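The values are calculated or read from the model by the stated rules, or taken from the named source; none is laboratory data. What you are looking at is a predicted structure, and each value in this text was computed from that prediction instead of being measured. Every residue, glycine as well, gets a Cβ built from its backbone with ideal geometry; the counts of neighbours run over all protein chains shown. SASA here: full protein model, heavy atoms, side chains in, ligands and nucleic acids out. Shrake-Rupley method; radii C 1.70, N 1.55, O 1.52, S 1.80 Å.
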Amino acid sequence: MASVVEYKGLKAGYHCGYCDAEEGKVSCGMWAHSMTVQDYQDLIDRGWRRSGKYVYKPVMNQTCCPQYTIRCRPLQFQPSKSHKKVLKKMLKFLAKGEISKGNYEDEPMEPTMEDTVAGDFGLINKLDIQCDLKTFSDDLTERFESEEKKKGKSPKKEESSELIQSQAMEEKLGSGEPSHPVKVPSAPKPGKGADLSKPPCRKAKEIRKERKRLKLMQQNPAGQPEGFQAQGESPSLFPPKANKSNQPKSLEDLIFESLPENASHKLEVRLVPVSFEDPEFKSSFSRSFSLYVKYQMAVHQDPPDECGKTEFTRFLCSSPLEAENPPNGPDCGYGSFHQQYWLDGRIIAVGVIDVLPYCVSSVYLYYDPDYSFLSLGVYSALREIAFTRQLHQKTSQLSYYYMGFYIHSCPKMKYKGQYRPSDLLCPETYIWVPIEQCLPSLENSKYCRFNQDPEAVDEGRSKDPDRLQVFYKKAIMPYGVYKKQQRDPGEEAAVLQYARLVGQPCSERMLLFRN
């Protein structure tokens, strides 16, 4: 089934949760009635982001706090010193029940937390996302039933209740996992990927590293230290364990370090598809919801009436993404998931994620504030990076971890730049640029074009709007046909704005609903 979207246009002058400006935020948005994972992948590669079924894109050169899409490259990722501390802290707690002393607030606690929304909760109330959902639902159902009949298939009943949902939605964020509940393995598996034996450059360590390298070369006359791949060999994503002297521990070594038989606690990470038809999702729903309420009230100071079951379902359990399970895809399939962290039989954190053709995209994280001492924000981000590496073993093109938006002008959102190597998306040409090259420009200006080539243009831009697909009066037609029936002068401006923002490929695949 094709993606079906309803463009809502530009919304300007609403409260920003990052800088607290009363009327600083500017974005464009659309309601996604359904969406394929490929279309959503292409949209986030153009700066879009979803919150429930609402998909929006900041107007970067106008909004008060520009939000740059950021992705980490997990295949080359090496945990920093502070990341290792968090992982060791978890292992000590699981093994011996030790609770580290210290000020936990010093560490970024919520890597996937305030991503796209922070203070935007009031936005959607102003947004009037009221469309004639009943009419739309009936039209769409009738249209696709007639298509199915033509093909000689028995028509499936569309779940129109999904479409006839609340009239106003909170612009928040979420994160989930694969289709059938999958337990994240407790030991790394061998696979293909990039050479992780090379730690990222750090000035303070350069001299010690050089000494170590010379020493290793003396030990091995061939100049090839143990554990390093010979040139031309396919490097292993999880290299064999080597001497402590010549290779840093991989992320998997640090996460899946074996625990004693008499360990104080047991942590299990379960991947559950976001679907009320999934038995594990259904059976854990009430516990997951209770955790969400506890988190929102304690961490974000939400009043109880703003974190009810309706808000939770709309925001974190309602996804436009259609689950897909192609044979060459990951075992869990593509779609939206909840990655549940079970400690001794109770849920202490849930990461909401989307598994897409080229990435794992983090949507949201909520956790039990009683376990803040475990830095669950950082811990879950590291687990999601490891999970991306795991999926990459079967599905080689799935090799990035998207962390939402990087906001350089907001100090508490800059922690995302600490997961290296990472790239930021150029807001004009939509190419990825290493974050190190972007930071000097961002120090001088909130809004930056990262592509240094002044001649470069957006290659995916809308070149032929007449080919854009429109869904109107139970019929699918190209915009070139549709516009001949329209007399509203504002209609063309809205459609062309939509075409420019989604790009030519998506405009030809997705159906733009017009009523």
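Summary of values
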| read-out | value |
| --- | --- |
| Span per principal axis, largest first, for the Cα atoms of region 262-325 (Å) | 41, 36, 17 |
| Value in Å of the Kirkwood radius, where region 416-469 supplies the Cα pairs that are averaged | 12.8 Å |
| Solvent-accessible area per residue, Å², over region 279-413 with all protein chains present [probe radius 1.4 Å] | 31 Å² |
| Vicinal HN-Hα couplings computed from phi for region 385-399 (Karplus, 6.51 cos²θ - 1.76 cosθ + 1.60; Hz; Gly/Pro x) | 5, 5, 5, 4, 5, 5, 5, 4, 4, 8, 10, 4, 6, 7, 9 |
| ³J(HN,Hα) computed for each position of region 500-513 - Karplus, 6.51 cos²θ - 1.76 cosθ + 1.60, integer Hz, glycine/proline x | 5, 7, 8, x, 4, x, 5, 5, 7, 9, 7, 9, 8, 6 |
| Relative contact order (percent, whole number), region 375-431, Cα cutoff 8 Å, 6+ residue spacing | 18 percent |
| Counted charge near Asp453, where neighbours are those whose Cβ lies closer than 15 Å (Asp, Glu -1; Lys, Arg +1) | -3 |
| Hydrodynamic radius of region 386-444 per Kirkwood, over alpha carbon pairs, in Å | 12.9 Å |
| Cross-link pairs Lys88/Lys309; Lys92/Lys416; Lys249/Lys416; Lys8/Lys294 - those with Cα-Cα distance over 30 Å | Lys88/Lys309; Lys8/Lys294 |
| Translational diffusion coefficient (Stokes-Einstein; Kirkwood radius from C-alpha pairs) of region 327-402 at 20 °C, 1.002 mPa s, in µm²/s | 166 µm²/s |
| Relative contact order (%) - criterion: Cα under 8 Å, at least six apart; region: region 1-79 | 29 percent |
| Volume per residue of the C-alpha convex hull in region 236-380, rounded to whole Å³ | 161 Å³ |
| Rg [Å, one decimal], Dmax [Å, integer] - region 17-109, C-alpha atoms | 19.2, 52 |
| Rounded to whole Hz, the Karplus (6.51, -1.76, 1.60) HN-Hα couplings of region 355-365, x for glycine and proline | 9, 10, x, 10, 7, 9, 10, 7, 9, 7, 9 |
